[in-house]
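Take a look at the structure set out below.
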């Protein structure tokens, strides 16, 4: 029998699962030295499948390294490596002198019960896998393919910054951010009709931090926040952690349902509306001009702040770049938040937001409490990247590359999907948001896809109430054209089964 | 008349100060082309003095650039640069088409009224100055001199990481941190008798983030936190922002006053005790072995978590390295928090903490909400730095360099200070904590020091209740021996006046 371990409150009670400890259940493991994957990755994948499918439940003890090595006739080092990867990614944990155990679902999901959200963490789905798993086509990740980054360019920039600033490049940075970078960004924003200045920009360590800082600065326990439905799960997590009540407003193809928005504005007086008006995540839809105007007017009328999260507007392929809401915001109701993670390098942890003057001190103070400042070194790197024109070129390059991916993905999706799979045809981005035919449930569908070596994202997590079970997100961000075709074919077959 | 501008709630009401706008008050400005400081820095300093002394109050309008340039017979570009620096550092703000104004005290202090703390921000004192101000001896900063960092070594490491990991160096990192780095750190910790493993380490973006993550994960509104008195103001800010009530326990030369601690433990049942047992900031004191043992026992008895902040234990010069509290913690009551900002490079924003297994999910979840993860690139850099032995060498180097500084500072202090200035003679560190003779008040004393071109830190901010007005902190972290002597001489003269 397996016992669910509570990691949150009590020290761990290690309960061995006697039945499952029997080595026999590992008979299904098939490792091949001819496979191009290293043995430990093969073992990792197969153990992970056993965990996911429940054959290895929470709290179960894994066989000792030497015992399993003998049973599988492989080197104990291989087992150690596979266990290490599983441990790194939170699927198992080890206890000195006692062995390795399957983690509880709670730990794996990175969610804490007292934050009252039980969402699967989409982001974790993207990263909690070994980096090489060529068996599966990964339509879950919406990060750029790391190969689009020119490492040689970056080396040049690093050396330039170090030669120029020496040890000072690593000194404390003021909380608001490196002034020359804020100036570069302000200059850059003019091209999308946002007129601001360095003093109204706050540098942040990625969009998640920006959302959380705004939430901490603005929200008190019990305050209402409006979001789109569906929306970004990291934002839901932050709003709930900050004690807010979320009201999610249905999203239509051209933006929020305005009737529902107006009715709710009158009734609930939210402090904050969190929107992604251009190439929304996950739906891909962009707001019509009429709805943008209307929303700005409503924000002013109801004295509410809009947090506009622009995570990917540069990747609009069909029309010219879509202007952000901030560009028509004449009364400073909009905080424009820009992540550089999705269109540049997530590993830098960099982004920025515009601060209305009347909120500057509050936001700055929360930023200070959170981490004093974003890395000054990273800021210097990105500043030079912008100033030397690499950024502009990078954006052109990724638009070109992903336009091809996007069109190919669209074509193959139409080719393989039956007509009862519906999806909004986006203007750009890195993913499609599919509505499944009625006979499917998204969670079960994703599980089956995994069995077919296809990773896709369950849409349920994008809804604050987790009530929708009919959507999935599929992405082509890290895939070759061939992999896109494979993925679409697998999905097509699943739809028509 | 000047009006205090409320930046926190209302949009700015720009109220001009007609009297002070008169150009005449700028007659005191004296700029010299022969001075080795650029003209704009001279102008910056003199305007700043006018702001600090109240001659330019909150909300006052500064003269238009051209008008002041004509008046002072200098290039308008010089005025623009000085205004820019003032704006960057929050002392003034500009409003399109209307001119530049002196910011309110509130904005300058980076403190928000609804966090109910009105501390001067020590950190900001350190960074809110132009980086070159050779007129003043800076005994306020406790960051290492940037020149102790070997830039050539770092270049080598950057290139090695990029060649090895390519674009992947900038991919998403899992929230807990880069596994090889956690392994390197775990191995390193053994040398100070902390036995942990990669799975129990959480990588963080500096100690401030670590404190804030622990506070968010553990504290509910109204919970009690115990701190030392005096303690680190960034921790006070975070605990208050998280709704906690702080009880500060007096610090004796060998650690907390144990009678007061025990009495308060019985009465208030705190969730958390925040301590710096080795070379405490700001007092420099280290806990005796007896008090360490006793505190560990009390933590276990009262079921309270200790957050041990080790910010500088490596810089113990007189005895061998002092072991952290964590090394005698047998029941996982201690979270050991290590900043790399003070002994390495603040600009990297890097640190780590040990996670008791029963808190792992909670802490990880808050880390995710806060910023998803610390930069994976930075983590890879530091991992290699550790693995290739540079870290060990760096620590040896800075111990050698700062031992000399420390001994010289101690000697000159004894030489120049009268005997009614008392201070605890620390085992190491980068600063001294002085008790002023009764006739002085610390705030006023610091202001006067500034007038004498000496920057020192007012001790009041280190007390949660801001009741102490008799302490100052003086540091030699960024100074040459000559500057140390100058600083001590200025202080000596001030004491004996």
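We did not get these values from a lab; they are worked out from the coordinates using the rules stated. These numbers were taken from a predicted model, which means no experiment stands behind them. Positions of Cβ are backbone-derived with ideal geometry, glycine not excepted, and every protein chain shown enters the neighbour counts.
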request  = As a check on your grasp of the helix formula, calculate [θ] at 222 nm for chain A: sum -39500 (n - 2.57) over DSSP H runs of n ≥ 4, divide by the residue count, round to the nearest 500.
outcome  = -12000 deg cm²/dmol
key: Nearest beta-carbon to the B/A symmetry axis - residue in chain B, distance in Å   = B:158, 3
inquiry  = Based only on other Cβ atoms within 10 Å, what is the fewest-to-most ordering of A:468, B:147, B:458?
reply    = B:147, A:468, B:458
query = So how tilted is helix A:151-165 from the main axis of chain A? Cα-based, degrees 0 to 90, rounded to 10.
reply = 60 degrees
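Nearest 0.05, what FRET efficiency do residue B:481 and residue B:34 give at R0 = 45 Å with Cβ-Cβ as r?
Working: r = 27 Å, r/R0 = 0.60.
The pair residue B:481/residue B:34 has a calculated efficiency of 0.95.
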request  = Provide a whole-number value for the mean count of partner chain Cβ atoms within 10 Å of the Cβ atoms in peptide B:346-359.
outcome  = 5
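What Kirkwood hydrodynamic radius do you get for the stretch B:174-386 when you take the inverse of the mean 1/r over all pairs of distinct Cα atoms, in Å?
On the way: mean 1/r = 0.0582 Å⁻¹.
Hydrodynamic radius (Kirkwood, Cα pairs) of the stretch B:174-386 is 17.2 Å.
How crowded by other chains is A:161-167, given as the mean number of beta carbons from other chains within 10 Å of each beta carbon?
Details: counts 0, 6, 2, 0, 3, 4, 11.
Mean shielding count: 4.
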ask   = What is the fewest-to-most order of B:229, A:32, A:341 by other Cβ atoms lying within 10 Å of their Cβ?
value = A:32, B:229, A:341
remark   = Going from the fewest other Cβ atoms within 10 Å to the most, one would list A:276, B:50, A:494 as A:494, B:50, A:276
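Compute the relative contact order of chain B as a whole-number percentage, counting only Cα pairs closer than 8 Å that sit 6 or more residues apart in sequence. Walk me through the numbers before you get to the answer.
Details: 842 pairs, mean separation 84.3, N = 497.
About 17 percent, as a whole number.
What number, in nm² with one decimal, is the all-direction average of the projected area of the convex hull of the alpha-carbon atoms of chain A?
Working: hull surface 100.6 nm².
So the Cα hull casts an average projection of 25.2 nm².
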ask   = Where the centroid of each part is defined by its Cα atoms, how far is the stretch B:309-347 from the stretch B:210-243 in Å?
value = 19 Å
inquiry  = Label position 7 Å from Cα toward Cβ: report the copy-to-copy distances for residue B:163 in nm, one decimal, ordered from shortest.
reply    = 1.9
inquiry  = Defining the label point at 7 Å along Cα→Cβ, can you sort the distances from residue A:418 to the same site in each other copy, shortest first, in nm?
reply    = 9.5
query = From the label point of residue A:243, set 7 Å from Cα along Cα→Cβ, how far away are the matching label points in the other copies, in nm, ordered shortest to longest?
reply = 0.4
note = Taking Cα atoms, the helix A:289-301 axis meets the longest principal axis of chain A at an angle in degrees (rounded to 10) of 70 degrees
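Taking each residue of A:371-383 in turn, how many C-beta atoms of other protein chains fall within 10 Å of its C-beta, and what is the average? Display every interim value, and only then the final one.
Values: counts 14, 14, 8, 5, 12, 6, 10, 6, 1, 1, 1, 0, 0.
Shielding by partners across A:371-383 averages 6.
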request  = Give the calculated FRET efficiency between residue A:327 and residue A:263 to the nearest 0.05, with a Förster radius of 30 Å applied to their Cβ-Cβ distance.
outcome  = 0.65
ask   = If you project the alpha carbons of the protein assembly as shown onto their three principal axes, what span does each projection cover, largest first, in Å?
value = 91, 66, 53
Helix A:258-268 vs. chain A, principal-axis angle (Cα, 0 to 90°, nearest 10) = 90 degrees
